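Read the structure below first, then the notes.
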Amino acid sequence: MPMNPLLVGLGGALGSIARYLASGWAQAAAKNGLFPYGTLAVNLLGCLVIGFLAQLSESRGVFIPEARALVFVGILGGFTTFSTFGNETLIAPHVSAGLVTMEKARVKVYRFDKR
């Protein structure tokens, strides 16, 4: 059996646990329940780390394929998944003002337009 699926699964578990802890800490630090600051902080941090490691990997060939599977697809994939962001965008009208939903959607669209 190839090792990569196991590495991705292990990394995904680690990344998801890290996301849960970091997001909870950031949301508690924000002391505001109307906007998911924890999700925003985790996604921004994850994007920064992915960008840094991707550049390091490309310029210096630091990661072997198995390490890329573990770190990029597994750990960072589990850490930065946008499914939480999408779910919070959908439920926002039910728990807070529609303006929050519109702003989150605007940020999401703006971010992908810049790629």
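The values are calculated or read from the model by the stated rules, or taken from the named source; none is laboratory data. Keep in mind the model is a prediction, meaning the values are calculated, not measured. Here Cβ is always computed from backbone atoms with ideal geometry, including for glycine, and neighbour counts include all displayed protein chains.
Assorted remarks:
- Within the stretch 18-43, the set of residues being part of a helix (DSSP H, G or I) and of a type in the set (D, E, K, R) comprises just one member, R19.
- The stretch 49-78 - residue that is at pLDDT 85 or above and in a loop (DSSP other than H, G, I, E, B) and, of those, surrounded by the fewest Cβ atoms within 10 Å (Cβ to Cβ): I64
- On the stretch given as the stretch 22-36, residues that are crowded, with 16+ Cβ neighbours inside 10 Å and either on the phi > 0 side of the Ramachandran plot or modelled with pLDDT of 90 or more (or both) total 4.
Residue-by-condition table, conditions (1) touching a Phe, Trp or Tyr at 6+ places or on another chain (Cβ under 6 Å); (2) more than 30 Å from E66 (Cβ to Cβ):
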residue: G12; (1), (2): no, no
residue: S16; (1), (2): no, no
residue: R19; (1), (2): yes, no
residue: F35; (1), (2): no, yes
residue: A41; (1), (2): no, no
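- When the stretch 1-17 is filtered for residues that are part of a helix (DSSP H, G or I) and over 18 Å from T81 (Cβ atoms), the ones remaining, listed by number, are N4, L6.
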